[in-house]
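Chemist: Mind having a look at this structure? Questions to follow.
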Amino acid sequence: MTRQRASESFTKDHADLVPDVVKSQVADPELVQRRREQIAAAAAELFSKNGFYRTTMQQLARQCGFSSGLIYQYAETKEDVLLLALLHVMNRFRREIEQAEDAESPLERVFIALEAYCRVVDQFKAAAMLAYRSTMSLPLEHRSYIKNAEIATNELIAARVRDCIEAGFFRKVDADLVTYQLVLHAHAWSLKSWRFNKLITFDDYVASGFDMVVLALATDSGRQEYQRFLASRKKAAKSKRRSPASADGGQQPGKRS
């Protein structure tokens, strides 16, 4: 699968993407998708907590609320279930980036994409680590599919980096390499959260990673645009601090328990 085809096909939900890889005994596509989403969500939780090899199909069935036999109607092997679980996690990254607010400045759009990616990692730390620990447990064909899905998801960020290059805000660099620097910064929040949580808030962590990338790549006009971006965020932060606390008692952005 080419990068372009992967990017186009991954706009669908993961359950629609794997009928030729993960076999199902059920013919109803809507039922297959619904059941696989249940299985994938439960598997991501259990595999993250217990590990792939220590999690049994019986445990997974109990987590889903139905029999092991029913699971095998939608995924023939435990490796098939792992593929669905990994795609479930990656689909969260894609949807969060796609649903994030838009902005006129391509520089701000890069920040919004990074923040969205980091937010999913923060919410699902164990699931994000699952991809690092368990991908090699998949058969080669399954691993190839995960790689294509990753490329397609990262393309949502890479396209914004290329927009910054075309706008003259970033010097001419490999947008894919820059994207992986941003993605790895997001992943590190889960991999080293035990330390980062004692050193920095989530919001400051996102901002620091963005700052390092921008200052390394920015042209003169890019630095000017970055100063405008920082001023705008500072103004927005002040406005939030002056606004009344929400009715549900929610925390102010950047404050974590």
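Chemist: Kindly list the number of the only condition in (1) surrounded by fewer than 19 Cβ atoms within 10 Å (Cβ to Cβ); (2) assigned to a helix (DSSP H, G or I); (3) of a type in the set (A, V, I, L, M, F, W, C) that fails for Ile157.
Modeler: It is condition (1) that Ile157 fails.
Chemist: Go through the range 160-181 residue by residue and tally those that are aliphatic (A, V, I, L, M) and crowded, with 23+ Cβ neighbours inside 10 Å.
Modeler: The number of residues fulfilling the criteria is 1.
Chemist: When you check Ala6 against the structure, is it at pLDDT 90 or above and open to solvent by less than 10 Å² (accessible area, probe 1.4 Å), yes or no?
Modeler: Against the criterion (at pLDDT 90 or above and open to solvent by less than 10 Å² (accessible area, probe 1.4 Å)), Ala6 does not qualify.
Chemist: Show the residue pairs that are 6+ apart or on different chains and have beta-carbon atoms under 8 Å apart, the first residue being within the range 213-225 and without any contact (Cβ under 8 Å) to a residue 24 or more places away in the chain, the second being open to solvent by less than 30 Å² (accessible area, probe 1.4 Å).
Modeler: Filtered contacts from the range 213-225: Leu215/Tyr226.
Chemist: Here is a further query. What number of residues within the range 47-87 are open to solvent by less than 40 Å² (accessible area, probe 1.4 Å) and closer than 27 Å to Glu150 by Cα?
Modeler: 19
Chemist: So Glu115 fits all but one of (1) within 12 Å of the chain's Cα centre (by Cα); (2) closer than 30 Å to Val81 by Cβ; what number is the exception?
Modeler: Status for Glu115: all satisfied but (2).
Chemist: Can you tell me which residue in the range 99-111 is nearest to Asp203 (Cα to Cα), limited to those that are open to solvent by 10 Å² or more (accessible area, probe 1.4 Å) and not charged (D, E, K, R)?
Modeler: Ala100
Chemist: Still on this model: Criterion first (open to solvent by 30 Å² or more (accessible area, probe 1.4 Å), in contact with a Ser or Thr (Cβ under 9 Å, 6 or more places away or on another chain), modelled with pLDDT under 95 and not polar (S, T, N, Q)) does Lys255 satisfy it?
Modeler: Taking the combined requirement at face value, the residue satisfies it.
Chemist: Does the range 189-224 hold any residues that are small (Gly, Ala, Ser) and at pLDDT 95 or above, and which are they?
Modeler: Across the range 189-224, the qualifying residues are Ala207, Ser208, Gly209, Ala216, Ala218, Ser221, Gly222.
Each row is one residue, and each column tells you yes or no for (1) more than 30 Å from Gly168 (Cβ to Cβ); (2) touching a residue at least 24 places away in the same chain (Cβ under 8 Å); (3) among the aliphatic types (A, V, I, L, M).
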position: Gly51; (1), (2), (3): yes, yes, no
position: Cys64; (1), (2), (3): yes, yes, no
position: Thr77; (1), (2), (3): yes, no, no
position: Phe111; (1), (2), (3): no, yes, no
position: Ala116; (1), (2), (3): no, no, yes
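Chemist: Of the residues that make up the range 160-179, is at least one in contact with an Asp or Glu (Cβ under 9 Å, 6 or more places away or on another chain) and farther than 23 Å from Thr219 by Cβ?
Modeler: no
Chemist: Considering only the range 165-181, I want to know if a residue exists there that is assigned to a helix (DSSP H, G or I), closer than 22 Å to Glu104 by Cα, polar (S, T, N, Q) and touching a residue at least 12 places away in the same chain (Cβ under 8 Å).
Modeler: Yes, there is a match, as at least one residue in the range 165-181 is assigned to a helix (DSSP H, G or I), closer than 22 Å to Glu104 by Cα, polar (S, T, N, Q) and touching a residue at least 12 places away in the same chain (Cβ under 8 Å).
Chemist: Evaluate the following for Leu191: is it open to solvent by 80 Å² or more (accessible area, probe 1.4 Å) and among the hydrophobic types (A, V, I, L, M, F, W, C)?
Modeler: No.
Chemist: Restricting the search to the range 182-196, which residues are free of Cβ contacts under 8 Å to residues at least 12 places away in the same chain and of a type outside the set (Phe, Trp, Tyr)?
Modeler: Leu184, Ala188, Lys192, Arg195
The values are calculated or read from the model by the stated rules, or taken from the named source; none is laboratory data. All of these numbers come straight from a predicted model, not from anything done at the bench. Because the Cβ atoms are built from the backbone with ideal geometry, glycine has one as well, and the counts that use them run over all protein chains shown. What goes into the accessible areas is simple: the full protein's heavy atoms, side chains included, and nothing from ligands, DNA or RNA. Shrake-Rupley method; radii C 1.70, N 1.55, O 1.52, S 1.80 Å.
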